[in-house]
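Reading through the structure tokens given below for one structure.
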Amino acid sequence: LNELEAAGVSIQEFDQVQEEFDIFLSSFSEDLDPDTTFELMLSHGRSEELIYFAEVVDNVHWVVGYHVQQHHYEDALKCLRELKDPEKHEDVIYMYAPVLMHNLPQETVELLIEQDHLDPVKLIPALVEYKPLDKSQPPNSLEPLQVPAFKLQHIVRYLEHSVFERQSRSELVHNHLVAMYAKIPEREATLVEYITKEVARIDGPAFDRTFALRVCHQEQCRRACVELYEALQMYEEAVALALDFDLQLAK
């Protein structure tokens, strides 16, 4: 194919040979060693044929990885979206979700929502980087790092889908939803409503109350802090804080 391109043959001639080559790859895919075939085509710069062969042998990992390496993130998402058996290849989604989320957050979240078989807990690292609050905290009590505003709204969308649509009761997922709400000043009313409903549940809130209180203090979500103080039966602290900004609430 490279020689034909160099010789300047007509488009029709080139397309005919390429079609024959694709047929060859498809017909003898079981007889060709994948690694050797990949290396040969890669060494000759035949990226289109390389992707075609990877698809023929169902090597989704290689196809998605190639697109990501070339910074073709939309093509990588398209490949994942068109999987015939998504559950079979969910490990590929977990692996490449972080880089796709970083570059195409809206489109990636749409894909993740479509794939209801995915575990939201395993996707947390793809959504947001995090670090322990301190060494005394358990590993599931995490404080997300700063998140760009353009990415934050999409993270919240996926977490809300996991909590409200898929009914996740994972503490990790709920902790992150609290933390993300707290980072959006205009969503404090939503945060307070969410906390109130969770605390009122017979089985108790899914989020860690102490963690939520620390995050809300950090982000200065005072109404949410009052709700959490009450949930922790720290009534004096709740009244003292409410007096600072809402006398009616303090009553």
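The values are calculated or read from the model by the stated rules, or taken from the named source; none is laboratory data. Everything numeric here is computed off the predicted structure, so don't read it as measured data. We place every Cβ from the backbone using ideal geometry, glycine too, and count neighbours over all the protein chains shown. What goes into the accessible areas is simple: the full protein's heavy atoms, side chains included, and nothing from ligands, DNA or RNA. Shrake-Rupley method; radii C 1.70, N 1.55, O 1.52, S 1.80 Å.
Things worth noting here:
- Test: H161 is out of contact with any strand residue (DSSP E or B) (no Cβ under 7 Å at 6 or more places or on another chain), open to solvent by less than 40 Å² (accessible area, probe 1.4 Å), in a helix (DSSP H, G or I) and within 18 Å of T108 (Cα to Cα): yes
- Any hit, segment 199-208, residues being touching a Ser or Thr at 6+ places or on another chain (Cβ under 8 Å), surrounded by 14 or more Cβ atoms within 10 Å (Cβ to Cβ) and either in a helix (DSSP H, G or I) or hydrophobic (A, V, I, L, M, F, W, C) (or both): yes
- Assessment of segment 226-236 against the conditions (exposed (fewer than 13 other Cβ atoms within 10 Å of the Cβ) and of a type in the set (F, W, Y)) yields at least one matching residue.
- Pairing each residue of segment 216-244 that is in contact (Cβ under 8 Å) with a residue 12 or more places away in the chain and β-branched (V, I, T) with any residue that is crowded, with 16+ Cβ neighbours inside 10 Å and part of a helix (DSSP H, G or I), provided the two are 6+ apart or on different chains, yields C-beta distances under 6 Å for V226/A238; V226/L241; V226/A242.
Condition check ((1) of a type outside the set (S, T, Y); (2) assigned to a loop (DSSP other than H, G, I, E, B); (3) open to solvent by 40 Å² or more (accessible area, probe 1.4 Å); (4) within 24 Å of L111 (Cβ to Cβ)) across all residues:
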{"residue": "S26", "(1), (2), (3), (4)": "no, no, yes, no"}
{"residue": "E30", "(1), (2), (3), (4)": "yes, yes, yes, no"}
{"residue": "L50", "(1), (2), (3), (4)": "yes, no, no, yes"}
{"residue": "D58", "(1), (2), (3), (4)": "yes, yes, yes, yes"}
{"residue": "V63", "(1), (2), (3), (4)": "yes, no, no, yes"}
{"residue": "Y66", "(1), (2), (3), (4)": "no, no, no, yes"}
{"residue": "E74", "(1), (2), (3), (4)": "yes, no, yes, yes"}
{"residue": "K84", "(1), (2), (3), (4)": "yes, yes, yes, yes"}
{"residue": "H89", "(1), (2), (3), (4)": "yes, no, no, yes"}
